[in-house]
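Values quoted throughout were computed directly from the atomic coordinates according to the rules given, and no laboratory measurement underlies them. None of these values were measured; they are calculated from a predicted model. Cβ coordinates were reconstructed from backbone atoms using ideal geometry, including for glycine residues, and neighbour counts include every protein chain displayed.
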Amino acid sequence: MRKRMVIRGLCLALGLMLTPCVWAKTESIKIGLNIPLTGDIPKVGEGSKYAAEMVKEQVKAQGGIKVGSKTYDVEFIYEDNESKAESATATAIKLITQDMVLGIIGPQSSKQAIPAGEINNSYRTPMISPWSTNPQTTQDRPYVFRGCFLDAFQGPVVANFATQEFKAKKAAVLYDIASDYPKGLAEFFKKAFEKLHGPGSVVAFETFTTKDRDFSAQLTKINRTDADFLFTPQYYDEVPLIVKQAHELGWKKPIMGSDSWGSAELMNLCGDDCKGLFFTTHYAAAGAKGATKEFIDKYKQKFRYVPDDVAALTWDSIWLMLKAIQNTGGLTGNIDKDRDAVKDQLTKIRDFDGITGKMTFTPEGDPSKCAVVVKINPKGEFEFYQSVCP
Amino acid sequence: MDIQSFFQNLINAMQWGSFYALIALGYTLVYGVLLLINFAHGDIFMVGAYIGFFVATFLLGSYAFHLPTVLPPHVVFILTLLITMILTAGVGVTLERVAYRPLRRKGAGRLYIVITALMAGLILENGNLALLGASRRAFPDLIEKAVYTVWGVTFTNVKIMVILAALGVFVLLEAIVRKTKIGMAMRAISYDRVAVPLMGIPIDTVIVFTFILGSSMAALAGVLFVSAYPVLEPYMGAMIGWKAFIAAVVGGIGEIRGAFIGGFLLGFIEIFVAAVFPSTFRDLIAFGILLLFLTFKPTGIFGVARAQKI
């Protein structure tokens, strides 16, 4: 008797699980966020989540998103990928097959975005990675898009800037060989710099592995060379350690970074050591205008710190996704068909006016956008220094 | 490698090895007395670093509730070290009370206690993650950093302090274990855990004392570590803890000299391999060498063979 009750209960529970639409009042569009809420770069996940919350608020204020003749709510599902490649694929599969999302935003860093992109592509679900700059993320994957420029563009920007600004003829590089993003970017930079100054002009090309805390041996080697500046395309949790140890070992020449430096957390961790350094990024918060300023002010008021590039790019990527959903002209309710329609619409978007610049996707799913070189000013703000367009 | 880079890397390796040595001492002390591999020790190091962070920021007056006077930074540093060592010793003793002692009382095999230690380490890591979140924290600069360059070799006052602290701790622990009564009791327990209590030695007191020593050394290492590498994260103790354990085994676990030499040896190998080869070879070569050491001397450099399990 009791066993039968248990079975009945289970059937009831199963029924409820399978029919979520029955007990939801208005229909909602589900978008998954595959982001690093814990792990090495939790601030990146936090920024992405906050940006999504702001989108949600704005959609609510507008009274929902109109797709064809129907109005929908937007529902974001935040899933933590722990900043690990294997968790990012598991998270993508969960979002696609269990949560039945229409599209996915993220993962943010290339190390997770490259494997997760593969999953999204094979499950035919549109994905926009707001922050992944490695070319492999979108290569030969019609369902995968990104919201930022590529490392193949960023590498030469760094090389040109250093040549003009520091009059650099020789460069040193220190990067994490076990992570796709630093490795890819370091190689693109090396290629670009050697094209400008001839082979052998990158006099030190030193590596370490993720989670290393001591770089003294590598930095000693770099110190012994006659490099004019050090390029280190690392994440915000490693940059302070690298910069501080370089200074402790007597390095006085410039150090330059890439878009992974641009986290709101960098200056909390790095302090005075990072002031006066340059890095390339997607937008500069100090001195922004128009819609960008509006976003920054709103974010600052709500979360009490200046949003970093990840937050801005995530904001743009989500609106891109919503725009594509609107452009489908109506959802059928058949998730496979809808996902295909959203993907088709994403490729058709022209001159999307985002807060990080205008976006039009190439057939690979990459927008062509300008890069910004930012200087960290004495107050610790990221100040606009120069803009470089393709 | 020219002679200046050699000396530069020598100093780098001394600092890096000091941390391994300080943590390895904790493994070796507990093992020497209880024959227990306290796998939670790396995480006690992490807890020490976090306690140090909160003590330091409190003393600097970063919270609403703060001290009436403003202390100079070096006084804050010394106070931070002392308070952190005391508090972390408390954590170590609590761990022993809650996790290890009940099992020991029930006469559980050593294997179960080792697994409990592994679990305790994971609980500390993830407890910290749940309690404080995944955000990195920056340890405040308590000591005004001074960079000296002597004959092309550059070092900071923090580096010198770390190396001196490791040497000082070594001398202190050797003295405690070799010269004092409680040290003698510690050594006696490791020889025979059945006979020693019969001689009227309070075995639990000695074990608590051992945990106090080991944990406070981990706290010292934690505060010094974040002074040198000022980014705190919940998993910072895991990798360095494992490596320090290997250092302790290579030196001969249970021997204080062994932990000390093993820690420095590992530090030297790691830094010099990274200085000569690409960094991807570092762990491969480092642990290859250590494996060779163990092949020829399975009990470690200073270890004495004993019949035992686990």
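The listed peptides B:175-181, B:74-80, B:240-246, ordered by packing as a protection proxy, come out as B:240-246, B:74-80, B:175-181 (highest mean of other Cβ atoms within 10 Å first).
Under the shape rule built on the C-alpha gyration tensor, where the axes satisfy a ≥ b ≥ c, the range A:151-281 is rounded, since a/c falls short of 1.5. Averaging the sequence gap over all C-alpha pairs within less than 8 Å and six or more residues apart, then dividing by the number of residues, gives chain A a relative contact order of 17 percent.
Over all projection directions, the Cα-based convex hull of chain B averages an area of 17.9 nm². Distance from the Cα centre of the range B:177-255 to that of the range B:256-302, in angstrom? Each part's Cα centre sits 21 Å from the other's. Protection proxy ranking, highest mean first, for peptides B:161-170, A:323-332: B:161-170, A:323-332, where packing is the per-residue count of other beta-carbon atoms within 10 Å, averaged. Considering only B:Leu131, B:Leu198, B:Val231, and ranking their Cα positions along the charge dipole of the range B:14-296 that arises from unit charges at the beta-carbon of Lys, Arg, Asp and Glu, the one farthest toward the positive end is B:Leu198.
Sort B:Phe293, B:Phe19, A:Phe229 so that the residue with the fewest other Cβ atoms within 10 Å of its own Cβ comes first and the one with the most comes last.
B:Phe293, A:Phe229, B:Phe19
Near A:Gly380, once Lys and Arg are set to +1 and Asp and Glu to -1 for all other residues with Cβ below 14 Å from its Cβ, the sum equals -3.
Taking the Cβ of A:Gly333 as the center, what net charge do the other residues with Cβ under 14 Å away carry, scoring Lys and Arg +1 and Asp and Glu -1?
Working: positive: A:Lys30, A:Lys70, A:Lys337, A:Arg339; negative: A:Glu27, A:Asp336, A:Asp338, A:Asp340.
In short, 0.
In the elastic network of chain A, a GNM with C-alpha springs shorter than 10 Å, the most mobile of A:Gly45, A:Gly198, A:Gly106 is A:Gly198. Bridging of B:Lys181 to lysines at a Cα separation below 29 Å is possible for B:Lys106, B:Lys309, once same-chain residues fewer than 8 apart are set aside. Inter-chain neighbour count for A:224-237: the average number of beta-carbon atoms from partner chains within 10 Å of each residue's beta-carbon is 1. Exceedance of the 26 Å cut-off in Cα-Cα distance is limited, within the set A:Lys66/A:Lys300; A:Lys84/A:Lys379; A:Lys293/A:Lys358; A:Lys84/B:Lys145, to A:Lys66/A:Lys300; A:Lys84/A:Lys379; A:Lys84/B:Lys145.
When chain A is treated as a Gaussian network with alpha carbon springs shorter than 10 Å, the biggest mean-square fluctuation among A:Val59, A:Val74, A:Val373 belongs to A:Val59. Could you tell me the center-to-center distance, by alpha carbons, between the range A:112-144 and the range B:9-78 in angstrom? The distance from the Cα centre of the range A:112-144 to that of the range B:9-78 comes to 43 Å. When only the Cβ of Lys, Arg, Asp and Glu is charged (+1, +1, -1, -1), the dipole of the protein assembly as shown relative to its Cα centre reaches about 1640 debye. The residue list A:Ser28, A:Met359, A:Gly198 was ranked by how far each Cα lies along the charge dipole of chain A toward its positive end, using unit charges on Cβ atoms, and A:Ser28 comes out on top.
Summing +1 for each Lys or Arg and -1 for each Asp or Glu among the other residues whose beta-carbon sits under 15 angstrom from that of B:Arg105 gives +4.
Take each of the peptides B:47-56, A:375-384, B:229-238, A:124-133, average the number of other beta-carbon atoms within 10 Å over its residues, and list them starting from the highest. Walk me through the numbers on the way to the answer.
Values: B:47-56: 24.3, A:375-384: 15.7, B:229-238: 22.4, A:124-133: 28.6.
Final packing ranking: A:124-133, B:47-56, B:229-238, A:375-384.
Normalised by 2.2 N^0.38 Å, where N is the number of residues, the alpha-carbon radius of gyration of chain A equals 1.05. Report the residue, chosen from A:Asp297, A:Asp180, A:Asp212, that carries the largest GNM mean-square fluctuation when chain A is represented by alpha-carbon nodes joined by springs under 10 Å. Residue with maximal mean-square fluctuation among A:Asp297, A:Asp180, A:Asp212: A:Asp212.
Comparing B:Tyr20, B:Gly241, B:Tyr100 along the charge dipole axis of the range B:14-296, the residue lying farthest to the positive side is B:Tyr100, per the Cβ-charge model. Distance between the modelled labels on A:Glu194 and B:Ala195, one decimal in nanometres: 6.9 nm (7 Å Cα→Cβ projection).
Karplus-derived 3J(HN,Hα) values for the range B:16-25, using 6.51 cos²θ - 1.76 cosθ + 1.60 with θ = phi - 60°, are 5, x, 4, 5, 4, 4, 4, 6, 4, 4 Hz; glycine and proline are entered as x. Taking label points 7 Å from Cα along the Cα-to-Cβ direction, B:Met119 and A:Lys170 give a separation of 5.8 nm.
Could you give the dipole magnitude of the range B:14-296 about its Cα centre, charging the beta-carbon of Lys and Arg +1 and that of Asp and Glu -1, in debye to the nearest 20? Walk me through the intermediate numbers first.
Details: 18 positive and 12 negative charges, 125 e Å.
Roughly 600 debye, rounded to the nearest 20.
What separates the Cα centres of the range B:131-156 and the range A:287-331 is a distance of 37 Å. The calculated 222 nm mean residue ellipticity attributable to helices in chain A amounts to -13500 deg cm²/dmol, summing -39500 (n - 2.57) over DSSP H runs of n ≥ 4 and dividing by all residues. Calculated mean residue ellipticity at 222 nm for chain B: -24000 deg cm²/dmol, from DSSP H runs with n ≥ 4 weighted as -39500 (n - 2.57), summed, divided by the residue count and rounded to 500.
Overall, chain A carries a charge dipole of about 760 debye about its Cα centre when +1 sits on the Cβ of Lys and Arg and -1 on the Cβ of Asp and Glu, all other atoms neutral. Once the Cβ-Cβ distance of B:Ile3 and A:Arg124 is raised to the sixth power relative to R0 = 56 Å, the FRET efficiency obtained is 0.35. Close amide H partners of A:Ile29, meaning residues 5 or more places away or on another chain with modelled amide H under 5 Å apart, are A:Asp73, A:Val74, A:Glu75.
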